[in-house]
Structures are given as structure tokens and as C-alpha cells.
Amino acid sequence: MEKESIADLLKYGEHITLECKKAEGSLPKSLWETYSAFANTVGGTILLGIEENPKAKDISQRFCIGTIKNPDQLLKDFWNTVNSEKVSSNVLVSTDVSIVQYEGQNIIRIDVPQASYHQRPVYINGNPLKGSFKRNHEGDYHCTEEEVKSMLRDASDTGNDGGLLDGYTMDDIDPETLKAYRIEYELHNPDHVWNGIDNKSFLRNLGGYTVDRITGKEGLTTAGLLMFGSGLAVRERFENIRMDYLDESNLTPGIRWNDRLTYDGMWENNLYNFIKRAMPKLVKDIRRPFHLSGMSRVDDTPVHKAIREAVINLVIHADYHITGVLKIVKRDDGFLFSNPGNLKLSVSSIYEGGNSRARNPHIQTMLRMIGMGDNIGSGFPTILNAWNEENWRKPDLSENTELHVVELKLWTLSLMPQECTEYLHRLMGKQYDRLPPDDQIILCTTYLEREITNARIQILLNMHSTDVGKHLYELVQQRMLLVSPNGRWTTYHLNEDYKTQPEQIKLCDMAPSQPKLIDTDQLIYEYICENGFITTQQVISITRITTKAGASIALNRLIKKELVKQKRNGRHIYYVKA
């Protein structure tokens, strides 16, 4: 892919992934903090030789182009340092760093990719606890000790759920949960040799129980306790984690939810029970078209499979070592799945499919053995394909790297619902109709989702960040979108007080000069302009006129001035603009 120009980056780029630094005679010390921050977050571009004034809103005043006197030497110094012990890992290739010309000056451009989960944390000065940085809306910040530990855990392919939990034994397993699982296991694997072994051996084979070969200690693993443990044992060991299902669909005024599944003492709070109780609630209103496979009815539609995959992803990718909530919300316009942790892979690679790096591979195996979970790397494409078949909005996968939360929103709405286009047409008139299709989709998405980000539109339109930035910039210039700045992070929302600007009006839009009207006639005419038509009864309701005869007289005055005309639909008479 061709790189964006410096001009486009400065004008349209997302500032959370762009850092400008003054560099006249040497590399700035803060360069390495930004390098670490970009590598540990989502990547970004560093421009050496440009100074930024973040408070300036005017693009011409925001950036000051400096002079790099010895760019070749700085480039050599950079490569020497990035390959030294100063930095824990070099994530760059030669084409990521270059000297470019901008406004007659030499600029050093460094495109830092997101480091792989094997390489993270990328740190400086030989100390991961003190030298690891991440990026947020304020800029570069020191990673907390918990963030560093989380990245170190995630760097291993063995996962986070196979470790021995000291003091937790088979006595902490809920017998009824394990019994239910084993029945389901045997139904899916009727001839499997594990069906005949005892519970401890069964769990050990699944990764739910382990023995330390050096110390001889044995007991439940994280996977074993979370999946099959008694509610009390799970809550005691993982007091930082909560499971929550909410049904917020079809709400009446004053009601916060119609159904809830949470820690209420009515069920053993483990993952297996949470999944088995939440799934029927999620899919009970989804239509099941009549379909036969042989002589048996098939009730498992692509949408049912997609929702099941979303629940599985929630469970197998959650970070159970940090504080958070496994949350599922059912709404009128779709579903929300939220889990603690950050993504091990980039959002774009997850949408592409074919990759799977579960944080909890033993839990993943336990679920796959009872038919829950497709082949490795195919889970998210299953969701995308099902939603595409229904012509629903593209699923929205996002992460909040500050709150350490991953969210998946599955909208059960079309890309351009009629309600949305009608509202935008009423709000913006012909200006909306003249917009390119991509801009109309951006506005419609903003209306439906209340706010948007550059990242959301990238996924929705399969477009590069800077190209999205151009569209957003133009919509802001036309005052159709309003900017909600939050440091270096920007969100956009719809301008619900939009008024067409004089420079946007074309000659064909201008109405002929209107004769001066008395107040009553003006009120009637404005009502027709706003609503498209009016009846004599409606004239009575909005004016001081009290009879249909009086309403007809007022309407006839407007007809004589060629502002209104009468129309008939069967026996019904109404009036519209002439």
C-alpha cells in the first residue's frame, strides 16, 4: 500500500497515531518513549523535523516545519540505537524509516508497526517495568506494573489458563456442573476413551487439573476452576471477575432491564453454567426458518452460530487475571459482548480471519470438545458471514487500551435503514442527497451509533485511516458532523442543529420570491413545508381558525398566490406545496 503524503498525514491523520518531534542536530530523547508506545499499542508514524502545537486548531498554525541539518547522520544514529540494548526489540524493516522532503525541508519519517504479542512489551533502558510505554489520548504514558505483567503473560503461546492454583482441589469442583458437561461430552464423542475414566483423570486430560512434576503439587488449573468450579470457590479465587447478562430489549419506561443473570446465589457461578444459561436467552427471539436435513429439522441457523461464536470468543479471550466483567447485553438493535483484557492480534487481522490466539486455550479446548467453536481462526469470519447474509451492519470489534476492555457490537440493523435516510434528508435536505455514498454511510452510522471514530469507519468501509480522515474532514467543514476532541483521540457526532450554509446553496435550490403573508397563512405554509401536506382539520388545530369553512378560506388565499395546491385521495382532500 502506498504511504500517505506528509501533507495528508498532518491534515487528515489521527493524532493518536501521529507524533511530530523537533530534531535539529540530534535525536530527541522522547523519541524512544514514543517508539515503545506505538509498538505496544496500535502503531503510528513519527515525523522528526516538525514541531506541533496541539492547542492550535488551524492546520496552518498547528505544525511548524524545522530544519534537520544532518539527516543522514541522524538516520545512522537511529538505526544504531534501535538495534542496541537501548531498545528491547526492533520491530522495523528498512522501508519503515526514510528521509522525505516536505516544504523544501528534510523530514525523517518513521512508521512504527504494532509489535506482535510475542514481542510485547517493547521497552527501553533494559527495564520492562520502568521502560514500557503505551499510547492514549493524552500521548505517551508509562505502563503500569499490571499492564506490563499482562503483556508478559500474553507473550506466551501456552496461554493463561493452564497454571496450577495452589490450594484448589477436586473438592472445589461443582459435581452437577461437571456431570452435565460429561454427559454433553459423551453425546459429542460417544466412542472416546475418556468417557470411562474418573473425574480427576478426565479433567487432567482436558487441562483442568495438573501435577507439578518438580514439586509434586497438584490441583485445579485456572481453566478447571473457572469452567467447573463451585460458585463460592470461583468467587473467592477470582473476586476480580464478574459474569453478567442483561436483557435490555423491549423496555418500558422506568424499567432498566427485563431479565438479568448475575451473582445472585441462584446458580453455581462458573463459565459452563454462564454459557448454558445465557445462550437460550440470547437466541430465543431469533427466527428459525423451516429447514430439513434428511428427515430432521435443522434449527441451527447462521445467526445462531454467529451468536454462539461471539459468546465463545468472549470467554476464551478474556483476561481473568485483571479486574473486569464478562458482560453480554441484548438490545432492540443488537447485542453487546464485553470482556476484560486487550486484543492479542490487531483488529484488521481478526477481521481477515485465519488467525486464532486464544488467551485461554484449555477453556477453548473444553468448549470445542462439546461442539462449541469452529475450526481455529474461523470463528470471527463465521460472525461476519452470518451478518453479511442478513444485510446487517458490519460487526464492530474494538478495544479500549486504557480501560483494558474489548467490545463486540453485533447490530441487527441494515447499513442504511429507511428511518435513518429519512431523518438525514429531513435534517439536511438536498445537501444530504448530493453527498457521495461513503459520506452518506458515515452520517447514517453516526446517527445509528450516536458517535463514530476513524477506526470504526475504517472497518465499515474497508478504507485507510487517512482516506477516512479526508471524508470526516469534509463533513466537519460542511458542519454536518461535529468534533468531540479528547486529547489526541477524536470522536464525531451528528450536528442535529444543522443549517445549510449560504455557500452550499445552488441556484436550483432557491425558491422563487414569496409574497408577504399574514401570520395565519404564514403558519399554514410553514406547516406544509415541514410536513409535506395539511388538511382543514390540521389548520384548525394549529391556528385560531375554528371552522372548516374558515380553514378553506385561508387555504384558498394560498392557492391564489400559487403557493399551495389542492389534492384528493378518494374522498379525502389535502393541500401540498404548489
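Coordinate-derived values only; no laboratory data. It should be emphasised that the depicted structure is a prediction, and the values quoted were computed from it without experimental measurement. Cβ atoms come from the backbone with ideal geometry, glycine included; neighbour counts cover every protein chain shown.
For the chain, the relative contact order works out to 10 percent when only alpha carbon pairs closer than 8 Å and six or more residues apart are counted.
Rounded to the nearest 20 debye, the dipole magnitude of the chain is 1980 debye, with +1 charges on Lys and Arg beta carbons, -1 on Asp and Glu beta carbons, and the Cα centre as origin.
For the chain, the longest principal axis of the alpha carbon atoms and the long axis of helix 418-428 meet at an angle near 60°. Here the 3J(HN,Hα) profile of the stretch 456-463, calculated from phi with Karplus coefficients 6.51, -1.76 and 1.60 at θ = phi - 60°, is 5, 5, 3, 5, 5, 9, 6, 10 Hz, Gly and Pro shown as x. Projecting the Cα positions of 65, 116, 441 onto the charge dipole of the chain (unit charges on Cβ atoms of Lys, Arg, Asp and Glu, taken about the Cα centre) puts 441 furthest along the positive direction.
Quotient of the Cα radius of gyration of the stretch 399-508 and 2.2 N^0.38 Å, N being its number of residues: 1.11.
Candidate cross-link partners of residue 130 among the lysines, defined by an alpha-carbon separation under 20 Å and a same-chain spacing of 8 or more, comprise 29, 86, 149.
Does the stretch 524-578 come out rounded, prolate or oblate by the C-alpha gyration tensor, with a ≥ b ≥ c the root eigenvalues, rounded set by a/c under 1.5 and, if not, prolate when a/b is larger than b/c and oblate if not?
Numbers: a/c = 1.30, a/b = 1.14, b/c = 1.14.
Rounded is the answer for the stretch 524-578, as its axis ratio a/c remains below 1.5.
Would you mind calculating the relative contact order of the stretch 198-335 from Cα pairs under 8 angstrom and at least 6 residues apart, reporting the percent as a whole number? Walk me through the numbers before you get to the answer.
Values: 157 pairs, mean separation 36.3, N = 138.
Over the stretch 198-335, the number comes to 26 percent.
Considering all C-alpha pairs of the stretch 300-433, those separated by over 21 Å amount to 46%. What the phi angles of the stretch 50-55 give under the Karplus curve with 6.51, -1.76 and 1.60, with θ = phi - 60°, is a coupling list of 10, 9, 10, 10, x, 7 Hz, glycine and proline written as x. Rg and Dmax of the chain, based on Cα coordinates, read 30.4, 100 Å.
Can you tell me, using C-alpha contacts under 8 Å and at least 6 residues apart, the relative contact order of the stretch 511-577 as a whole percent? Kindly include the intermediate steps, with their values, before the conclusion.
Numbers: 70 pairs, mean separation 22.6, N = 67.
The normalised contact order for the stretch 511-577 reaches 34 percent.
In order along the stretch 194-203, the Karplus-derived 3J(HN,Hα) couplings, from 6.51 cos²θ - 1.76 cosθ + 1.60 at θ = phi - 60°, round to 5, 5, x, 9, 6, 4, 5, 5, 4, 5 Hz, and Gly and Pro are given as x. Averaged over residues, the count of other Cβ atoms within 10 Å places the peptides 540-546, 273-279, 30-36 in the sequence 30-36, 273-279, 540-546, highest first. Dividing the summed -39500 (n - 2.57) terms of all DSSP H runs of n ≥ 4 by the residue count of the chain sets its mean residue ellipticity at 222 nm at -11000 deg cm²/dmol.
In the chain, the longest principal axis of the Cα atoms and the axis of helix 302-317 are about 50 degrees apart.
Below 11 angstrom from the Cβ of residue 161, what's the summed charge of the other residues (Lys, Arg +1; Asp, Glu -1)? Numbers along the way, then the final one.
Values: positive: 153, 359; negative: 319.
Spelling it out: positives minus negatives among the neighbours equals +1.
I want the local charge near residue 203. Using Cβ-Cβ distances under 12 Å, sum +1 for each Lys or Arg and -1 for each Asp or Glu among the other residues. Display every interim value, and only then the final one.
Working: positive: 182, 200, 204; negative: 172, 198, 218.
That sum, taken over residues with Cβ under 12 Å, equals 0.
For residue 407 and residue 56, what does the FRET efficiency come to when R0 = 30 Å and r is the distance between their Cβ atoms, rounded to the nearest 0.05? So, using R0 = 30 Å, E works out to roughly 0.35.
With respect to the chain, whose longest principal axis is taken over its alpha-carbon atoms, helix 71-82 is tilted by about 50°.
Using 1/(1 + (r/R0)^6) with R0 = 41 angstrom and r between the beta carbons of residue 199 and residue 138, what's the FRET efficiency to the nearest 0.05? Spell out each step's value before the answer.
Numbers: r = 51 Å, r/R0 = 1.25.
Calculated value: 0.20.
Average 1/r across all pairs of distinct alpha carbons in the stretch 6-154, invert it, and you get the Kirkwood radius: 15.7 Å.
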